[in-house]
Amino acid sequence: MSSNSVSTSEEIALAGLLTRWYATHARDLPWRRTRDPYAILVSEFMLQQTTVQVVVPYFERWMSEFPSFAVLARAREEHVLRFWEGLGYYSRAQNLHRLAKLVVKEHQGKLPRDLTLLAGLPGVGPYTCGAVASFAFNLPEPAMDANITRVLARLINYTERCDTVVGRRHLEEFSRRLAGALPKRAGKVNAALMELGALLCRAGEPTCVACPVRAYCRAVNPVGLPLKRPRAVTEKVTDSRAWIVQEQRVLLERSKGPRWRGLWVLPPSVPSGATRVYHSNYQVTKYRVVLEVWQHPEFTGEIPGAVRRWVSFEELSRMPIPAPYRRAIRVILSAEGKEKTGG
């Protein structure tokens, strides 16, 4: 079965099986209990590059603190970033903040339903646009995340690369027709495809015996699908930072990005003559980062070209600080007997 050979009756049957399965097997997630476009948009921003398990508590805290576009638009950026801390990819929070201001200013506080307007908002790429259109407005738009892409490629045994322009269009068209097969439940069809990919049609060995649409699946070798370009090789980099303390205050620097733009981090360090007080490893995209923090002598002068400030130990918990640096600060303060003040 190729996408071009799927009949309308087959599409309706597939969509029906998917939505019936979803009704009884879907995970209970907070953003699935609402049709509020704002809440759905927030969840989609958070779910970019982040797992469901990690997102749930962040989503619930965020919605409690920023329950609407209007509330988010009025918030200070540092406050917004503080509530995003630990999710990473902080440009998502900054784009969401900018988006809220635009929605309040130009769209009377309501997310536009028009796809062109929606796609033009900060941080809204093709996937997010399709997902919000589908889940919030029930439009038959493709929401091509990794799970849906994998399910569709296996269903039609698509043996070409799916991360090319041709491949994406091929699967998007099939997705659009499948969601459109049940116009009143287009969002549920996409949600079911996504859930099927997360629970049964997983990367690697799928659980085909439990699949609700196995009778329609034409995958010859599902383990090998979908085809994509090879992953980038992991690169090891070292990030050396300075621990400079004066009178119960630590020196921080506002990052200019691109990774931590707008957040407060420990200043860069030249380790010569300093003592290492912290060492750890963490992964960011294709980079394996070795974080080293070096204790330096007392700081007495201004440093040109950077926005820096002294932050009291008590104030650290209120500052938006990336998780790797927050952990480093907590460990160092704990070793110095100040663990209650590190945030």
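Here, each number is a calculation from the coordinates, and none is a lab measurement. Remember, predicted model here, so these are calculated numbers, not experimental data. Cβ: placed from backbone, ideal geometry, glycine included. Neighbour counts: every protein chain shown.
Quick look at the numbers
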item	result
Evaluated at q = 0.19, 0.20, 0.22, 0.24 Å⁻¹: base-10 log I(q)/I(0), Debye formula over Cα of the range 143-182	-0.47, -0.52, -0.62, -0.74
Amide H partners (placed H, <5 Å) of Tyr287, local residues excluded	Glu235
Estimated D of the chain in µm² per second, where Rh is the Kirkwood radius over Cα pairs and Stokes-Einstein applies at 4 °C, 1.567 mPa s	57
Formal net charge of residues neighbouring Thr285 (Cβ-Cβ distance under 12 Å; K, R +1; D, E -1)	+3
Whole-number Å³ per residue for the convex hull built on Cα positions in the range 35-80	78
Rg/Rh (Cα only; Kirkwood hydrodynamic radius) as it applies to the range 1-109	1.12
In Hz, Karplus ³J(HN,Hα) per residue of the range 124-134 (6.51, -1.76, 1.60; θ = phi - 60°; x = Gly, Pro)	9, x, x, 5, 4, 4, x, 5, 5, 4, 6
Size of the range 211-296 as Cα extents on the principal axes (Å, biggest first)	70, 24, 21
q = 0.08, 0.11, 0.21 Å⁻¹: log10 I(q)/I(0) that the Debye formula gives for the range 110-269, counting C-alpha atoms only	-0.38, -0.62, -1.29
Centre separation in Å (Cα based) which lies between the range 229-303 and the range 7-86	33
